[in-house]
Amino acid sequence: MNASSSTVIARPRRPAVPRSRTRLALAAIVVIAFALLPLGLKSYGTYLCSLFCVYLMATFGLNLTIGYAGQMSLGQAAFLGIGAYIAAIGMKAGLPFFAMLPLAALACFAIGLALGFPALRVQHHYLAFATLGFNVLVFLVLRNEEAITGGTFGIRGIPRPSLFGLSLERDLPYFWFTLASTLLLIALLGWLLRSPWGRAFAALRDNPIRAESLGVNITAYTLLAFAIGACCAGIAGAYFASLVGFIDPAPFNFTASLLMLLGVIVGGAGRFLGPVVGTVIIVLLPEWLRFMQNWYLAAFGVAVIALMVWLPGGLLSLPERLASRRIGALP
Amino acid sequence: MGDFVQLVVSGIAAGTIYGVAALGFTLLWQASGTINFAQGEFVMLPAFAMLLFLGIGAPLWLAFFAACIVSMLLLGVAFKRIIVDPLLRHGVIPLVIATLGLSVFVKQGIKAGVGALAYPFPSAFPAGQFAIAGIEVSYADLGTLLLAGGIVIALQLFLDRTMTGRAMQACAQNTEAARVLGIDVRRMTLYVFLINGALAAVAALLIAPSYLVKFDMGETIGLKAFFAAIIGGFNQTRGALLGGVLIGVLENLVGFYVSPAYKEGVALVVFLLVILLRPEGLLGKAEERKV
């Protein structure tokens, strides 16, 4: 049996980014409310909000790979780790955060290109396998190269940056800094997807073969989408290192990648805001549902299967699905 | 030189286990277009089933057969009915994601329900080793080689020589034509799922003594099964064994001569080289793309 080259989960025809004033106003209210939320929280709550932002950067990048290029990456946590270690090692050596950030981003972009190139020449979702193996390999390197990465002991005492002379050492300023950076990154991705050049990504999502026949080089665009996705994870990694102050290989294992992938899909891959829902599910919900412990993830696995059977477009496709059912019910 | 030969022999033995898991993976892909990302968990589950049967006092052979049946029912019939059949019409990706969800469910369910400990598992073969021409071979390696190799060859003969086997291949090559020729495609697909369940139990029996039985043991074996299948050629059953053996041998050599820490990375490197130089796999044939 042949598989069609790159099947996308849902391909309803809609603009790449929702653009209506009410939605924009709504988004602004949500963002402001979220920005003020930690004022009423203890330091762990603030930490979780910052962590949420960090993962949001990574999953927004991942959404470009899954949702728009129709490829599955099971190595997003590895790129997060590469970014985090580059930032941590550089900052421990006394280099400033703002020098390590672009370095982490560029390194992940370049590694993404190098890893994606062989895998994307052939189809059958080989990228999923390549990234899965890559994640295992990166984990081994982080654990075994003690001289550079500190092995299982990790790297401790990673400083936080200061911006225009203002120290971001305290939790609240660092959260606002991370939130602002996340919004900037999201805006950049939104701008990218709306630019004439970036519209090819939406064409790729909606119908790869049609896009190719219209002159879009699908291999190049798929590769680029994957590399940009990896780059976002690298950026997220740098913020992660500064946020937690101590990194070891554990958060960058394959399971973390798998959860990010499933989170984005559950939220709604290829939807601009799908990663927000997905990140709530994988970062915030487990904290509220602590009493369930390991069963939470088992239940999440079942939910993923159920969702694929009944709602393959993800949670954000629910309103459309209900609407179309209502229209379908009319005589 | 003696070291080298011994490493190759035990590498081949380990590789045939990867080959068995990869074979089931390849068969599923051919017969139903299912890329099963839970293949590793499909090996882990029968291992726990065998532990359970051993725990209530069954001898190893009985525990194995019981686990085989459980595996065929659960990972064969139930997997097909509950997950694959409803999802096939949505295309490849939702199914792949459902198998990823399944792998999370099985792994975390075992971790939450049974625990995160690694349990020892008895070997099906006697301990000790013997020497042929100055090369020490352990009974476990020889037994693994004979059992796994025998199963792969028997399966190959079944697929090539029997009416049912040929009908299964026909379904894999061209479902529509097979249906027109009067082959019961649904039944043939079911057979493939049953075979995959049984192969998973065999792989579990062979790998559990060295890997120990643990909720995340499937991660490594699953990854190697994917890579073995692709290296050998995704659409060739023989390829799975070749890919598995290649990984097993190279892993052993790298582990000994380069660094034991990077043994697990070998499969990825071979995989990347193969898809760069020969994307259809060592024994595979290139497939056409359907619009």
Self-check item: Criterion: in contact with a helix residue (DSSP H, G or I) (Cβ under 9 Å, 6 or more places away or on another chain), aliphatic (A, V, I, L, M), at pLDDT 80 or above and part of a loop (DSSP other than H, G, I, E, B) - qualifying residue of A:Ile158, A:Ile186, A:Ile148
Solution: A:Ile158
Quiz item: Just a yes or no: is a residue in region A:82-94 among the hydrophobic types (A, V, I, L, M, F, W, C), closer than 18 Å to A:Thr255 by Cα and within 13 Å of chain B (Cβ to nearest Cβ)?
Solution: no
Quiz prompt | Criterion (buried (at least 24 other Cβ atoms within 10 Å of the Cβ) and within 19 Å of B:Leu52 (Cα to Cα)) met by exactly one of B:Leu212, B:Leu205 | solution = B:Leu205
Exercise. Could you tell me whether any residue of region B:263-278 is closer than 21 Å to B:Val5 by Cα and within 8 Å of chain A (Cβ to nearest Cβ)?
Key: yes
Practice problem: Consider B:Gln173 carefully, then state whether it is within 30 Å of B:Leu272 (Cβ to Cβ), at pLDDT below 90 and more than 16 Å from the chain's Cα centre (by Cα). | Solution: yes
Exercise. With a cut-off of at least 3 residues that are within 14 Å of chain A (Cβ to nearest Cβ), in contact with a Leu (Cβ under 9 Å, 6 or more places away or on another chain) and modelled with pLDDT under 90, name the helices (runs of 4 or more DSSP H) lying wholly within region B:51-115.
Key: B:92-113
Quiz item: Restricting region A:288-307 to residues that are within 7 Å of chain B (Cβ to nearest Cβ) and among the aromatic types (Phe, Trp, Tyr), which is surrounded by the fewest Cβ atoms within 10 Å (Cβ to Cβ)?
Solution: A:Trp295
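Would you mind finding the one in A:Phe164, A:Phe139 that is more than 25 Å from A:Gly40 (Cα to Cα), within 14 Å of chain B (Cβ to nearest Cβ) and either at pLDDT below 80 or surrounded by 15 or more Cβ atoms within 10 Å (Cβ to Cβ) (or both)? Lay out the reasoning, then the answer.
On the way: A:Phe164 fails: within 14 Å of chain B (Cβ to nearest Cβ).
Unique residue meeting the criteria: A:Phe139.
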Quiz prompt | Of residues in region A:142-161 being surrounded by 13 or more Cβ atoms within 10 Å (Cβ to Cβ), small (Gly, Ala, Ser) and more than 13 Å from chain B (Cβ to nearest Cβ), the one nearest to A:Ala250 (Cα to Cα) | solution = A:Gly154
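The values are calculated or read from the model by the stated rules, or taken from the named source; none is laboratory data. Just so you know, these numbers come straight off a predicted model, no measurement behind them. As a convention, Cβ positions derive from the backbone with ideal geometry for all residues, glycine included, and neighbour counts pool all protein chains shown.
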